[in-house]
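Engineer: The following block contains the structure, expressed as structure tokens.
Please treat every number below as a calculation from the coordinates, not as lab data. Quantities reported herein were computed from a predicted structural model and do not represent experimental measurements. Here Cβ is always computed from backbone atoms with ideal geometry, including for glycine, and neighbour counts include all displayed protein chains.
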Protein chains: 6
Amino acid sequence: MPIVNIQYIDSITDHQKRQVIEQVTEVMVKVLNKKPESTYIVLQQIETENWGVNGQTVSDRRNNN
Amino acid sequence: MPIVNIQYIDSITDHQKRQVIEQVTEVMVKVLNKKPESTYIVLQQIETENWGVNGQTVSDRRNNN
Amino acid sequence: MPIVNIQYIDSITDHQKRQVIEQVTEVMVKVLNKKPESTYIVLQQIETENWGVNGQTVSDRRNNN
Amino acid sequence: MPIVNIQYIDSITDHQKRQVIEQVTEVMVKVLNKKPESTYIVLQQIETENWGVNGQTVSDRRNNN
Amino acid sequence: MPIVNIQYIDSITDHQKRQVIEQVTEVMVKVLNKKPESTYIVLQQIETENWGVNGQTVSDRRNNN
Amino acid sequence: MPIVNIQYIDSITDHQKRQVIEQVTEVMVKVLNKKPESTYIVLQQIETENWGVNGQTVSDRRNNN
């Protein structure tokens, strides 16, 4: 029954999505004894101009570096 | 004052969006005595390759069936 | 497969929780053709001093009225 | 270490994004003594047909006014 | 920079929390090449009367079985 | 209409809560031209054993330092 919401920046491949979903589900199953069929994983990519850290957008931080 | 965040897969029509918003608001009003004007409903469609269940992406599960 | 996160203030009875879960699930089933067994509803009560509207906490607004 | 998720309607400029991120981070730093480098701000624009208030979508409310 | 929000029912031990945090972080690092120090994991336990599935609260489902 | 969800560790005073709500609302009003009365701010404190960074719980990191 766990719900895992993952927010991240920078696009990832379908293969990476599969791996994240497979491996995070495995953690829920092995560590928390959850059923895989009732474990939901939601992936949300956030654009770098929509993610702030240290008071700046990630895109600005990258441009300034 | 309730905030209702709804994450779902598969696109839905504007008509369905209106119905969900109208009917879920009605539940907040009738069951929880909330004011409709202060009830927020947020709909977020998640792509099937970004939603995992049973350790797989929904798109892979559908392709494999 | 929908996930419905509901944040609200003011405690509600177990009966009200049942009604909200039952009726919101029904909306997902009837309007969006979702399966009830794969529809998750999560209820989160937020204390009135932790919810702000109009630049004030709800508890302050109530005390000032 | 705070995470600030901001959901809003109507697109905003990159300049506004920068200001929101800068100023909200400043609040976390000044009021809550958090470190700016560990303060995450996530901006999520929600389309007006996906945001409901008063039992209607925002887009319908605007069309009806 | 990923943020992983995990909602689950049934209390878990501190040891399990450590394992989930360690192993989910490892997935972010190995699969998505994220830095561990910028990977946030947030665990939120939801009471069984506040989690609905199949139109019922989890606590009712358990009592009825 | 913005919704601002703020997750943080370490308890804060009611005064700090008021300041955060007041000042973050002000940012929404001044920068994004939002109405204060339709701006929701939700504060959620997360226990340090429920927040992971760098693969560890915050409480463990603090105990090890």
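Engineer: Calculate, for A:Asp14 and C:Asp10, the FRET efficiency according to 1/(1 + (r/R0)^6) with r their C-beta to C-beta distance and R0 35 Å; round to the nearest 0.05.
Structural biologist: 0.20
Engineer: Under 37 °C and 0.692 mPa s, how fast does chain C diffuse according to Stokes-Einstein, given a Kirkwood radius computed over C-alpha pairs? Answer in µm²/s, whole number.
Structural biologist: 243 µm²/s
Engineer: Which of the GluC sites (Glu not before Pro) across chain E are loop residues per DSSP, with 16 or fewer other Cβ within 10 Å?
Structural biologist: The qualifying sites are E:Glu47.
Engineer: Additional query: When only Cα pairs under 8 Å and 6 or more residues apart are kept, what is the percent relative contact order across the range C:3-64?
Structural biologist: 42 percent
Engineer: Where a Cα-Cα gap under 16 Å defines reach, which lysines qualify for D:Lys34, not counting those fewer than 8 residues away within the same chain?
Structural biologist: F:Lys17
Engineer: Let me ask another. Nearest 10 degrees is fine. How inclined is helix B:14-32 to the longest principal axis of chain B, computing both from alpha carbons?
Structural biologist: For helix B:14-32, the angle is close to 50 degrees.
Engineer: So if I take the centroid of the Cα atoms in the range A:1-63 and the same for the range B:15-60, what is the distance between those two points in Å?
Structural biologist: One Cα centre to the other: 21 Å.
Engineer: Grab the beta carbon distance between D:Arg62 and F:Asn65, set R0 = 56 Å, and tell me the FRET efficiency rounded to 0.05.
Structural biologist: 0.60
Engineer: I need the calculated FRET efficiency for the pair B:Glu49 and F:Ser38, taking r as the beta carbon distance and R₀ as 25 Å, to the nearest 0.05.
Structural biologist: That gives a FRET efficiency of 0.15.
Engineer: Given H placed 1.01 Å from N in the peptide plane, which residues other than close sequence neighbours of D:Ile9 have an amide H under 5 Å from its amide H?
Structural biologist: Excluding prolines and chain starts, which carry no amide H, the hits are D:Ile46.
Engineer: Averaging the inverse of every distinct alpha carbon separation and then flipping it gives the Kirkwood radius. What is it for the protein assembly as shown, in angstrom units?
Structural biologist: By the Kirkwood definition, the hydrodynamic radius is 21.3 Å.
Engineer: Name the residue, out of A:Thr25, A:Thr13, A:Thr48, whose mean-square fluctuation peaks in a Gaussian network model built on chain A with Cα pairs under 10 Å.
Structural biologist: A:Thr13
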